[in-house]
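S.K.: There's a structure below that I have some questions on.
The values are calculated or read from the model by the stated rules, or taken from the named source; none is laboratory data. Worth saying up front: this structure is predicted, and the values here are computed from it rather than measured. Positions of Cβ are backbone-derived with ideal geometry, glycine not excepted, and every protein chain shown enters the neighbour counts.
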Amino acid sequence: MSTPISTSTTDKASALHVYVDSIESGIVKLLLRDERGEWKGYNLPATVLPPETKEGAWLRLSLEPSEPPAAINSETLRRELSTADSGGDFSL
């Protein structure tokens, strides 16, 4: 059984600012600062972007806890993902 999640409003002060570096072939590269203040790139499906977002735009990214989607069992998902993971090193 899952624990209820607080529905308090998101603290805007804790939101991250991200830079839209590029959008190509349905993939967006977002730049975020890491804990040392260095910019790191992260690729995500461009479908996560607000409509009409262009390269060079700044976005505010905030995350909040959520209940899992109705059709997804978190334990099953974790088990499936861990079965597919060899646990070995990877390279970029």
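S.K.: Given the condition farther than 18 Å from Val20 by Cβ and modelled with pLDDT under 95, answer yes or no: does some residue in the range 43-63 qualify?
M.R.: Looking through the range 43-63, none of the residues is farther than 18 Å from Val20 by Cβ and modelled with pLDDT under 95.
S.K.: Hey, does the range 70-90 have a residue that's polar (S, T, N, Q), surrounded by 10 or more Cβ atoms within 10 Å (Cβ to Cβ) and within 22 Å of Asp21 (Cα to Cα)?
M.R.: no
S.K.: Looking at the range 53-79, I want the residues that are polar (S, T, N, Q) and have a partner that is exposed (fewer than 10 other Cβ atoms within 10 Å of the Cβ) with Cβ atoms under 9 Å, at least 6 apart or on another chain. Which pairs are those?
M.R.: Ser62/Asp11; Ser62/Lys12; Ser62/Ser14; Ser74/Ser2
S.K.: Looking at Glu75, Glu67, which one is of a type in the set (D, E, K, R), in a loop (DSSP other than H, G, I, E, B) and at pLDDT 90 or above? Steps first, answer last, please.
M.R.: On the way: Glu75 fails: in a loop (DSSP other than H, G, I, E, B).
Sole residue among the options that is of a type in the set (D, E, K, R), in a loop (DSSP other than H, G, I, E, B) and at pLDDT 90 or above: Glu67.
S.K.: On to the next question. Collect the residues in the range 16-27 that are within 12 Å of the chain's Cα centre (by Cα) and at pLDDT 95 or above, keeping them in residue-number order.
M.R.: Val18
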